[in-house]
Every structure is written in structure tokens, then in C-alpha cells.
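Notes to accompany the following structure.
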């Protein structure tokens, strides 16, 4: 993701760093108390509540581990020490024996997870879900459509179709949609569409299809803002280890608190 259209910072670096570090500490300390599933029309007794055997995660570079010091995926997902998909994978395995499959690629859009997608691991996602019949699928997409200023109507078409295809591939599976954090970089010099146009697509699809929703924008500031420095890499688009810890805390707290005591 490039830096074209990156937000103006205009604040001294030392002050931003102090605020960013303070925000990390605050967010990670309060997430357990405040993260709860967003109310949707989804079942009150989702498969995940009785079966933690398997998870499939569909995502982009926020899910591959890109930008972290030990990332070696060459574009695809690779295990890292701090990436949220890696930490959730290890922790779920330790606590529940969960098998997690991460289907993610740098630059991926919703269209890439449908037939004709650009990479084999993404284009075959619904087939993988059909074969695995996982207890839970987590979808975290939309950031690259925003970066490229893709018309939100196109995003809606592919995202809505993808979620529908996942439901049809495995009707038993609980689907969780994540609204990604807002990156502070665009790939076009004069973008037309605001971030809210893309988050609205995710929120509307969740409501229309009875799918659970977790908005990471409630826990992470937008990239390129004064509060975000400790959480994002210098490109204002990808997360640091601290940013990944916030995502892990939000997702993990939801997974463990979802079904009640």
C-alpha cells in the first residue's frame, strides 16, 4: 500500500509517540471489560458456542503478518511472533485444540476470495470452507478497496456475494465480519470515496445476512493520526506489533465472551 494521500501529521514526533504508547496501554487494559458482540440478527446459539474445533480466517496484509520483523510470507500468510492471526492461532490451539487455517494475501480484496481471484489460496477460499466445515469463519476485508478508491458499489457486490457463498458452502459455520482499522494511506492521488462508505458495506451485509460484526475502529485510531504512531508502521497503513496486540485482544475477548459464562 502506498503513501499517496497520506494524512498530514503536523505534530511533534515525541508528543505523538507518548500519546500512542499511552493509548496502547489503555486499550489493552480495558478491552476485556468492554468488548462484546455487536447485536445482529444472527443466531443466539451460534455453532462457535458449542464447537471450537476449527477456524478459517480470510484477510489481507493485516492478517498475513506483513511488516512485522519476522514476517517471511512473500505475500501470503506466515506465522509471526506478534501478528494477530498467529497469536489467535496459537492461543486457540493451546486452550481448545482449535485448528486454524489462514487464507490471506497482501493486497487482497473481497473479489480475490471468489472464483477468478488473483491467488490460489484466496480464490479457493469457499471450497476450503466447504471441505473443512469450520466452526467459525472470520472475514477481515475492505482496507484495500478503500486504499484503491474502488467504488463502494463494487465492494458491496463482491463482499456481499462472498459472505453469501460462505454461508452456502458451510451452513453450520458461524461467520464473524471484522471492520478493519482505517489506514492513513491511499493509492490514488485524489480519492473520491470516504472510509465510511466501505464500513457501511460491512455493517449492512452483517445486518442483512444475520452475521456477527466486530468493528476494530472502536479500538484502533485511524492510521496517520497523532494517536496512531505506536500502532502503525511509518506507511500509516500496516500495524506494528503493538497494533496487532490490540487486534488480538479485541478478537480474543469476543471469542471467549461471545457465548456467556
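Read-outs throughout are calculated quantities, based only on the coordinates presented, and are distinct from any laboratory measurement. These numbers come from a predicted model, not from an experiment. Backbone-built Cβ (ideal geometry, glycine too); neighbour counts: all protein chains shown.
When the alpha-carbon atoms of segment 216-257 are used, the pair Rg, Dmax equals 10.7, 34 angstrom. Answer rounded, prolate or oblate for segment 80-195, using the Cα gyration tensor with square roots of eigenvalues a ≥ b ≥ c: rounded when a/c is under 1.5, else prolate when a/b is larger than b/c, else oblate. Cα axes put segment 80-195 in the oblate bin. With the Cα gyration tensor of segment 130-215 giving a ≥ b ≥ c as the square roots of its eigenvalues, does the rule (a/c under 1.5 for rounded; else a/b larger than b/c for prolate; else oblate) give rounded, prolate or oblate? It is prolate, given that a/c is not under 1.5 and a/b is the larger ratio.
Per-residue Cβ neighbour counts within 10 Å put 215, 131, 164 in the sequence 131, 164, 215, beginning with the fewest. With the Cα gyration tensor of segment 108-261 giving a ≥ b ≥ c as the square roots of its eigenvalues, does the rule (a/c under 1.5 for rounded; else a/b larger than b/c for prolate; else oblate) give rounded, prolate or oblate? Because a/c hits 1.5 or more and a/b fails to exceed b/c, segment 108-261 counts as oblate. Within segment 146-160, find all residues whose amide N lies under 12 Å from a label point positioned 7 Å from the Cα of residue 188 along Cα-to-beta-carbon. It comes to 146-155, nothing else.
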